[in-house]
Amino acid sequence: MASVPSDVEPLPTAIKILVAGGFGAGKTTLVGAVSEIRPLRTEETITEESVGIDDLSGVERKETTTVAMDFGRITINSELVLYLFGTPGQDRFWFVWDELALGAVGAVVLADTRRLPGCFPSIDYFERRGTPFIVAVNCFDGADRHDPDEVRAALDLDPVVPVVLCDARVRESSKEVLITLVEHVVNSTPAYA
């Protein structure tokens, strides 16, 4: 029987996390802000063909959109590495969600309170699959601030689903979102508890 030298550190546990939410909620921004590697992005320019298909109200200056996924990685500590998969926000790209969700232990649903209905499909998706998730309210400049309990009530969330405020542009804020998700997964999944 082969043995492993005692000075070799074990490999960290790798966890797959989805970052979901409505169109323009900040998913690509959050993955990019927190990733320790250059994130993979599948961004394409929004063209005139999307007029009448994509609702740009509230995000009129948005020029690109994710058409497949975003990918990033963050090492939390020597024992834990998170692989982040940002989902596309428009319904027409949802065919990739089932593939992206394979093996994911949890999800962040990024919410924009200016366009709150945009996160309902993500919430419904994770509730149907039984995937632990949290809601992270991306606090956009100029948007009204809402208490997490107000957002919870507006989204009709189960009381055990954490709702946190964040700024997806800020690494530490985004990191706190991911830590909250990991803690929620550990506390709500029998395999981890």
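The values are calculated or read from the model by the stated rules, or taken from the named source; none is laboratory data. All values reported here derive from a predicted model rather than from experimental measurement. Cβ sites come from the backbone with ideal geometry, for glycine too, and all protein chains shown count toward neighbours. The protein model used for the area step is the full one, side chains on, heavy atoms only, and it has no ligands, DNA or RNA in it. Shrake-Rupley method; radii C 1.70, N 1.55, O 1.52, S 1.80 Å.
Worth pointing out:
- Between E176 and V81, the distance separating the two model label sites (each 7 Å from Cα on the Cα→Cβ line) works out to 2.7 nm.
- Highest mean first, the peptides 9-19, 142-152, 177-187 sorted by other C-beta atoms within 10 Å per residue fall in the order 177-187, 9-19, 142-152.
- Each residue of region 162-175 was assigned a 3J(HN,Hα) from its phi angle through the Karplus curve 6.51 cos²θ - 1.76 cosθ + 1.60 (θ = phi - 60°); the sequence is x, 10, 10, 9, 8, 10, 4, 7, 9, 3, 5, 5, 5, 5 Hz, with glycine and proline shown as x.
- Classified by the C-alpha gyration tensor, region 65-157 has a prolate form. Its axis ratio a/c, with a ≥ b ≥ c, is 1.5 or above, and a/b is larger than b/c.
- Heavy atoms of F140 accessible to a 1.4 Å probe, total area in Å² rounded to 10: 50 Å²
- For K16, the residues 5 or more places off, or on other chains, whose built amide H falls under 5 Å of its own are Y83, V105.
- Once backbone amide H atoms are built at 1.01 Å from N, G24 has no partners under 5 Å, excluding neighbours fewer than 5 places away on the same chain.
- A 1.4 Å probe over all protein chains sorts S188, S78 by accessible area into S78, S188, starting with the largest.
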